Amino acid sequence: MHITLVQGDITEQRVDAVVNAANSSLMGGGGVDGAIHRRGGPAILEECRALRASRYPDGLPTGQAVATTAGDLPARWVIHTVGPIHSTSEDRSHLLRSCHVEALRVADGLGARTVAFPAISTGVYGWPLDSAARIAVDAVRRAETSVTSVEEVRFVLFDRKAYEAFESALAG
Ligand code: ADP
């Protein structure tokens, strides 16, 4: 499996699956979530509503992942995962790790070969970039042994600062 980095907009990626930094309601939000729903159109929200009505009446728990159509995005699927809100009093890194592992597990189940991840939890959820980058890269590297169909994990970083944080994590 290759891990690649690009600076850009995740909604423009031509990959099999894009990962959404969703919130547990699955009903959309700001940041990546807002961009994905805006660019992907109403089909994504429709499937999210159906998931709330069936498998996740209380919402998608933090650290878990579920797939929907990607609607009008160039990707085939959106894999929604809920990152943890950063806390200084409690170590929630296992949940951030879990987002990556579970999203890859879902991707594998779909037969996705290329998967784009945003920098989960580093926006409104407040996770410091360097720490989030290390956790994300480490989780993906460790998942490599068990995940079979995914050939490329592409971290799509919105700005230079995020890109550099992931670049350092990858070098480490
Ligand atoms: P969270 O709630 O998990 O913190 P956010 O969506 O607020 O999620 O932010 C996660 C990261 O995604 C931030 O680093 C933010 O700059 C970045 N981001 C926002 N929009 C996009 C986009 N269209 N493509 C890629 N990354 C984005």
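For the reader, a short list of remarks on this structure follows.
- Rolling a 1.4 angstrom probe over the chain with all protein chains present gives an accessible area of which 48% lies on carbon and sulfur atoms.
- Other residues with beta-carbon under 12 Å from the beta-carbon of Gly123 carry, at +1 per Lys or Arg and -1 per Asp or Glu, a net charge of -2.
- Taking the convex hull of the alpha carbon positions in region 75-119 and averaging its projected area over all directions gives 3.3 nm².
- Percent of C-alpha pairs per 10 Å bin, region 116-172, short to long: 23, 56, 20, 1
- Magnitude of the charge dipole for the chain, about its Cα centre and with charges confined to Cβ atoms of Lys, Arg (+1) and Asp, Glu (-1), is about 160 debye.
- Accessible area (Å², per residue) of the chain, counting only protein heavy atoms and a probe of 1.4 Å: 47 Å²
- Prolate/oblate/rounded label for region 72-163 (Cα gyration tensor, a/c 1.5): prolate
- At 1.306 mPa s and 10 °C, Stokes D of the chain from Kirkwood alpha-carbon radius, µm² per second: 102 µm²/s
- Listed residue (His37, Ile120, Val101) projecting farthest to the positive dipole end of the chain, Cβ model: His37
- Ellipticity estimate at 222 nm from DSSP helix runs (n ≥ 4, -39,500 (n - 2.57)) divided over the chain, nearest 500: -12500 deg cm²/dmol
- Prolate/oblate/rounded label for region 1-97 (Cα gyration tensor, a/c 1.5): oblate
The values are calculated or read from the model by the stated rules, or taken from the named source; none is laboratory data. Bear in mind the structure is a predicted one, so any value in this text is a computation, not a measurement. Please note: Cβ atoms are built from the backbone with ideal geometry, for glycine as well, and neighbour counts cover all protein chains shown. Accessible surface is based on the protein model in full, side chains and every heavy atom, while ligands, DNA and RNA are left aside. Shrake-Rupley method; radii C 1.70, N 1.55, O 1.52, S 1.80 Å.
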